[in-house]
Amino acid sequence: MQPHSPINAHNLSNQDVTKEETLSLPFFLERNMGDCPQQCCHRFIFSPYISFFFFFFLVLFPSTQVNGKSTSLKHWSGSSHASSTGECDLFTGTWVLDPSYPLYKNATCPFIQKEFSCERNGRPDRIYTHYRWQPLACNLQRFNGQDFLERMKGKSIMFVGDSLSLNQWQSLTCLLHAAVPNSNYTINRVGYVSIFTFTEYNVKLMLDRSVYLVDVVKEDRGRVLKLDSIEGGKLWKGIDMLIFNTWHWWYRRGPTQPWDYIEVGGQVMKDMDRMKAFQKALETWAAWVDTNVDPTKVKVFFQGISPSHYNGTQWNEPTANSCVHETTPVAGSTYPGGTPEAVAVLKGVLATMTKPVTLLDITTLSLLRKDGHPSLYGLYTPNGMDCSHWCLAGVPDTWNEILYNLMI
């Protein structure tokens, strides 16, 4: 990756695309290769009778309700857990059936890429779209796309990371488009950055596909992952809200690994402990935020660790080796398999930072959604298996609903 000039988020006009052209547009340029794991499994045929039963149950028993006053975070916090009076932990709760969800229909959002478009790819069940996240001690305020746009009027949001950032970015474009379906928009691209603009509100939703956050540089010796270099951060300056993410690429090996060497502290090596490499990259990113971000002007989030579901022993189904048979969430608010080690590493780095960063601590709520992945109904059907990304409509909509609650 070569260094780039800063992007002025308020003056982007390269490669504009109108509404009518969006279906054929590649939404992003990748700095590295594609990042969807592939595993094989037999196709599961979902019985229409089972589907009918669940839908009938959904209508009769629409949702559970937790007693308590509706509460939302009123300011930006560097912690994922509320500590002041009137606030609550939005990330501990359960999934409940609610017939008023999803917040948009797959068919009415033309931006969803094939790998996330499970319904269009033939997934026969719909129950997974009707779950709502319910915190234990309070209620989430329902996502209000028009209010979101009004609050962000004239501002820019940039997602920075791998295809899980793409997942969340596309979810947000769908949520907002559903709220203002007649509002004009443009899609354009400047270098590595894709930009979706709601022109009436002058709100820019941007995506920088930087899977490691730190730099991968082509040199004579080969491609070098530089753990203490972050020249790509030039693209992030001048943005009003930054939402970072990295994790899924750190254990990639073989032909899909997009680097040949690792460099840290001036030492170049063929490989190193991947968790330590992940931590070092986070420390480099944290130093960039602490040096370059003015918290009175810029709000910074970290998406958290989005989990995969390839090992059924983690959700007490030892015969499952993927998510393909899964049609309902894990019950309750605790995931039997616990959280990935990367969560503790991430929280440890965040705790050292001097500038406020809000952790979207979506790991546990997403771990409970073993049913929410494309499985066979993603990009790699019929023989591939994707239990890492998420169907849209689906789980990333909840990530954005929580983001909205942190804004209001």
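Structure data summary
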read-out	value
By average C-beta atoms within 10 angstrom, highest first, the peptides 290-301, 211-222, 233-244, 162-173	162-173, 233-244, 211-222, 290-301
Packing rank of 392-401, 316-325, where each peptide gets the mean count of other beta carbons within 10 Å, highest leading	392-401, 316-325
Relative pair counts by distance (%), Cα atoms of the stretch 91-404, 20 Å bins	32, 60, 8
K114 accessible area, assembled protein chains, probe 1.4 Å, Å²	100 Å²
Modelled FRET efficiency - R0 35 Å, R151 with T334, Cβ distances, 0.05 increments	0.55
Solvent-accessible area, 1.4 Å probe, carbon plus sulfur percent, for the stretch 91-404	48 percent
Per residue value of the accessible surface for the stretch 91-404 (all protein chains in place, 1.4 Å probe), Å²	33 Å²
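The values are calculated or read from the model by the stated rules, or taken from the named source; none is laboratory data. Keep in mind the model is a prediction, meaning the values are calculated, not measured. Quick reminder, even Gly has a Cβ in these numbers, built from the backbone with ideal geometry, and neighbours come from all protein chains shown. What goes into the accessible areas is simple: the full protein's heavy atoms, side chains included, and nothing from ligands, DNA or RNA. Shrake-Rupley method; radii C 1.70, N 1.55, O 1.52, S 1.80 Å.
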